[in-house]
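The values are calculated or read from the model by the stated rules, or taken from the named source; none is laboratory data. None of these values were measured; they are calculated from a predicted model. Counting neighbours? That spans all protein chains shown, and the Cβs are built from the backbone with ideal geometry, glycine included. The protein model used for the area step is the full one, side chains on, heavy atoms only, and it has no ligands, DNA or RNA in it. Shrake-Rupley method; radii C 1.70, N 1.55, O 1.52, S 1.80 Å.
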Amino acid sequence: MRLAGKIAIVTGTSPNIGGGIAEGLADEGARVACVDVLAENAEHCAAWIKGRGGEALGLTGDLTDEAQVQAMVARVREAWGGVDVLVNNAGILGGLSVLEMPLERWTRQLAVNLTGTFLCTKHVARLMVEQGTRGSIIVIVSTAGHQGQAGNIGYCTSKSGLLNFTRAAAMDLARHGIRVNSLTPTATDAEEGAERAVAWGRARPDRRGRLLDFQKMVPTGRLPSPRHYAKAAVFLASDDAEMITGVDLRVDAGAIAKYWPWIPSA
Ligand SMILES: NC(=O)c1ccc[n+]([C@@H]2O[C@H](COP(=O)([O-])OP(=O)(O)OC[C@H]3O[C@@H](n4cnc5c(N)ncnc54)[C@H](O)[C@@H]3O)[C@@H](O)[C@H]2O)c1
């Protein structure tokens with residue numbers, strides 16, 4: 001129970017990565033607020049954690065709206081008294097090339113991925129400062145934030161922005177004893193998210209074919225699952241990481257370290 005007594009907020013709690021991280025934090029003893037713009041993602045995730053014997057709250061809100069973020073943080077404070085851990089996971093994936101991307105879609109993707117993370121960090125960190133909490137804030141990035149992916153201009157831009165948001169916020173908050181780190185996932189094995197959806201009482205999601213053969217390109221020969229990200233998030237959230245701030249922890253099966261022309265499976 002590495003997070004016993006800790007209170008965590010996880011945003012974007014679909015059955016995939018956010019749900020996996022919320023479950024992983026709860027399994028280590030944290031009380032978890034599951035926050036999503038889709039009420040069913042917030043509610044199902046919280047119900048699942050409670051069903052496993054944990055403590056959870058499901059909160060619905062759009063994280064691009066400052067008033068809704070403030071209300072969400074106030075609700076967690078009212079329920080449990082404060083916040084120790086924030087995982088900024090909510091995001092809009094996918095996109096188009098710079099030639100095709102409509103302004104409206106670009107603006108929304110940057111608003112959720114960047115501004116949503118900024119607003120949650122701002123209001124959770126203000127509460128931590130007020131209460132003298134030596135908290136941990138985690139920002140979920142992507143290997144697409146480290147590299148230029150074709151056909152994904154808004155996603156790549158916002159995720160690389162989050163890498164330096166993390167460092168800058170870590171500097172702003174260091175004197176308050178609040179740590180800010182990012183966690184980089186990569187193309188994720190779809191099986192665990194599908195199983196979690198079924199466990200939450202939903203239909204098994206269709207496996208959509210991927211344009212790129214990630215499995216063939218990844219050095220370990222196996223793609224990570226949400227539970228692997230959850231273990232890294234538990235570490236960053238825990239006191240074991242008390243001297244770690246401003247870093248990016250890649251849980252990418254070696255993807256970013258790879259010499260680009262090498263095809264491991266060849
Ligand atoms: N799936 C992958 O292969 C992969 C790889 C690298 C990084 N990531 C990152 O991991 C995170 C989760 O990815 P996922 O695959 O679980 O995606 P997902 O689409 O299953 O989950 C994202 C969640 O964010 C929520 N959300 C969207 N806009 C919101 C808003 N305005 N306010 C509150 N919630 C909002 C969605 O409703 C959804 O539940 C994202 O930040 C993504 O960029 C995913």
P(r) over all Cα-Cα pairs of the chain, 5 Å bins from 0 to the longest distance, whole percent per bin, short to long, reads 1, 6, 13, 18, 20, 18, 13, 7, 3, 1, 0, 0
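Whole number in Å², please: accessible area per residue of the chain, 1.4 Å probe, ligands, DNA and RNA not counted. Show your work: numbers first, answer last.
Working: 12650 Å² over 266 residues.
On a per-residue basis, the chain sits at 48 Å².
Between SER265 and LYS50, what FRET efficiency comes out of the Förster formula 1/(1 + (r/R0)^6) with R0 = 45 Å and r the beta carbon distance, rounded to 0.05?
Details: r = 42 Å, r/R0 = 0.93.
Given R0 = 45 Å and the Cβ-Cβ separation, E is 0.60.
Apply the membrane-span-like helix rule to the chain: whole DSSP H runs, Cα extent along the own long axis of at least 24 Å, mean Kyte-Doolittle hydropathy at least 0.0. List the helices found. Walk me through the intermediate numbers first.
Values: long enough: 153-174 (32 Å, 0.45).
Membrane-span-like by this rule: 153-174.
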Part-to-part distance (alpha-carbon centres) for segment 12-26 and segment 63-134, which is given in Å: 16
Just name one of VAL73, ALA26, GLY161: the one whose Cα is farthest towards the positive end of the charge dipole of segment 17-172 (beta-carbon charges, Lys/Arg +1, Asp/Glu -1). GLY161
HN-Hα J couplings of segment 137-147 from phi, Karplus 6.51/-1.76/1.60, θ = phi - 60°, integer Hz, Gly and Pro as x? 10, 10, 10, 8, 9, 5, 4, 5, x, 9, 9
Amide H of LEU249 versus every other amide H placed in the peptide plane: which residues, excluding those fewer than 5 positions away on the same chain, fall under 5 Å? SER182, LEU183, THR184
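Quantify, in whole percent, the carbon and sulfur part of the accessible surface of the chain (1.4 Å probe; protein heavy atoms only). It would help to have the intermediate numbers written out before the result.
On the way: 6830 of 12650 Å².
Looking at the chain in its full context, I get 54 percent from C and S.
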Given H placed on each backbone N at 1.01 Å, which residues far from VAL32 in sequence or on other chains put an amide H within less than 5 Å of it? ALA8, GLU55, ALA56, LEU57
Give a quick list of trypsin sites (Lys or Arg not before Pro) in segment 138-190 that DSSP marks as loop, anything other than H, G, I, E or B, with at most 10 other Cβ atoms within 10 Å. ARG175
Taking the alpha-carbon centroid of each part, what is the distance from segment 174-246 to segment 249-266 in angstrom? 16
Counting only pairs 8 or more places apart or on different chains, how many lysine pairs in the chain have C-alpha atoms closer than 26 Å? 12
Once Rh for segment 124-266 is found with the Kirkwood sum over Cα pairs, what is the Stokes-Einstein diffusion coefficient at 37 °C and 0.692 mPa s, in µm²/s? 195
For the chain, which cysteines have no disulfide-compatible partner, meaning no other cysteine Cβ under 4.7 Å? CYS120, CYS156
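Of the GluC sites (Glu not before Pro) in segment 69-122, which ones lie in a loop per DSSP and count no more than 13 other C-beta atoms within 10 Å? Don't jump to the answer; show the numbers that get you there.
Numbers: sites: GLU78, GLU100, GLU104; in loops: GLU100.
The qualifying sites are GLU100.
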Mind running the shape call on segment 107-202? Use the C-alpha gyration tensor, a ≥ b ≥ c as the square roots of the eigenvalues: rounded below 1.5 for a/c, prolate if a/b tops b/c, oblate otherwise. oblate
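Report, please, the projected area of segment 5-82 averaged over directions, based on the convex hull of its C-alpha atoms, in nm².
Values: hull surface 17.7 nm².
Computed as one quarter of the Cα hull surface, the answer is 4.4 nm².
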